[in-house]
Amino acid sequence: MARRRRGNKLNGWIVLDKPADMTSNAALGAVKRLVKPQKAGFAGTLDPLATGILPIGLGEATKAMAFIVDNTKSYDFTIAWGEARDTLDRDGQVTETGGATPTAPAIEAHLDDFVGTIDQVPPAFSAIKVDGRRAYDLAREGEIVELDARPVEIDSLELVEHNDAEGWSRLEMSCGAGTYVRSLARDLAEALGTLGHVSALRRTSVGPFDESQAISLEKLEALSHSAPPEEIPLPVMTALADIPALAVTEGEADRVRHGQGLRLPTTQEGLVRIVRGEGLIAVAECWSGEAQPVRVFNL
């Protein structure tokens, strides 16, 4: 006899506004305690220091995680000048002091150098694996962690506020997957001939999710006491809004549900959402008039 899974059978997204000083895993645990889903996971880790958008997928939404993680993200962050830290943010130990605060014009003159495809060395305190172990574990044990530079995509980088007297600058950035704000702060400071670390960080969007959809843990707790659990998450399809839709017949939808490809009179190339009416059936890869499902949703 198959074991019945405990919890609520929920499918969809909770766009959590993660509070500061909480790990992403702890935030996921808090959401699970409140809405009690059978299955849940988050897309795109946020550092404990960071606040902002942490998409949490419930049930069938977890199948769409890859499409969220690889999407564009936006950040609002502050660099404190004149001090370097081992983690590259305020939570780390001070490793060097004495750098000067750059002027706003000097900062703006260097920003274009970091827009486009650039090579970036990830922080030693990161989740990247080195010989099977997380880099941050090695760094915490005092080992010297040397990570290779990797190409990342930065779409935009702007200075939005500068305080010369207090020695900090606030910037906004839109970037692709794998970009580290902490590394950007380190590299920008080096280009300016000074030191710097991230003192505040907020993620303002992940793919189609932004602050207009975000909910705090406090509001989620209140909602969990007043609304049916199934009314709380956003629909699974919300995360796939930027993928073109391809409508199919019921017979074609049934074939896709069983993992079969379709021959279709379409010139569409790349990813598509296979839909039947208002219902999401799958995400498929299209080429040469054929659609092959890569994720099938049981909704």
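The stretch 10-135: D in µm²/s via Stokes-Einstein (Kirkwood Rh, Cα pairs, 37 °C, 0.692 mPa s)? D = 190 µm²/s. Principal axis extents of the C-alpha atoms in the chain (largest first, rounded to whole Å): 69, 48, 39. Taking the Kirkwood radius as Rh and the Cα radius of gyration as Rg, the stretch 45-103 has a ratio of Rg/Rh equal to 1.15. Surface exposure of the stretch 54-98, expressed per residue as accessible area with a 1.4 Å probe, stands at 37 Å².
Determine the relative contact order of the stretch 185-287: mean sequence separation of Cα pairs under 8 Å and six or more apart, normalised by residue count, in whole percent. This gives 18 percent for the stretch 185-287. The helix-only estimate of mean residue ellipticity at 222 nm for the chain, built from DSSP H runs of length n ≥ 4 each weighted as -39500 (n - 2.57), is -5500 deg cm²/dmol after division by the residue total. The angle between the Cα long axis of helix 217-226 and the longest principal axis of the Cα atoms of the chain comes to about 30 degrees, rounded to the nearest 10. Here the stretch 92-152 exposes an accessible surface that is 45 percent carbon and sulfur, computed with a 1.4 Å probe and the other protein chains kept in place. The angle between the Cα long axis of helix 181-191 and the main principal axis of the chain comes to about 30°, on a 0 to 90 degree scale. Taking 0.36 nm per residue of sequence separation and removing the Cα-Cα distance, the VAL121/GLU108 pair yields an extension gain of 2.5 nm. Modelled spin labels at VAL294 and ARG6, positioned 7 Å past Cα toward Cβ, are 3.6 nm from each other. When you restrict to C-alpha pairs under 8 Å that are six or more residues apart and normalise by the size of the chain, the relative contact order lands at 22 percent. Over the stretch 83-122, what portion of Cα pair distances is larger than 16 Å, expressed as a whole percent? In whole percent, the share of Cα-Cα pairs in the stretch 83-122 beyond 16 Å is 59.
Put simply, when 108-117, 268-277 are sorted by average Cβ atoms within 10 angstrom per residue, most first, you get 268-277, 108-117. To put it simply, the accessible area of the stretch 200-299 at a 1.4 Å probe is 50 percent carbon and sulfur. Using equal-weight Cα scatterers in the Debye expression, the normalised intensity of the stretch 89-193 in log10 at q = 0.14, 0.15, 0.20 Å⁻¹ is -0.63, -0.72, -1.14. Remark: the stretch 120-258 carries 51 Å² of accessible area per residue (probe radius 1.4 Å; ligands, DNA and RNA excluded).
The values are calculated or read from the model by the stated rules, or taken from the named source; none is laboratory data. Owing to the predicted nature of the structure, the values given are computational and were not obtained by experimental measurement. Please note: Cβ atoms are built from the backbone with ideal geometry, for glycine as well, and neighbour counts cover all protein chains shown. Please note that ligands, DNA and RNA were not included when accessible areas were found on the heavy atoms of the full protein model with its side chains. Shrake-Rupley method; radii C 1.70, N 1.55, O 1.52, S 1.80 Å.
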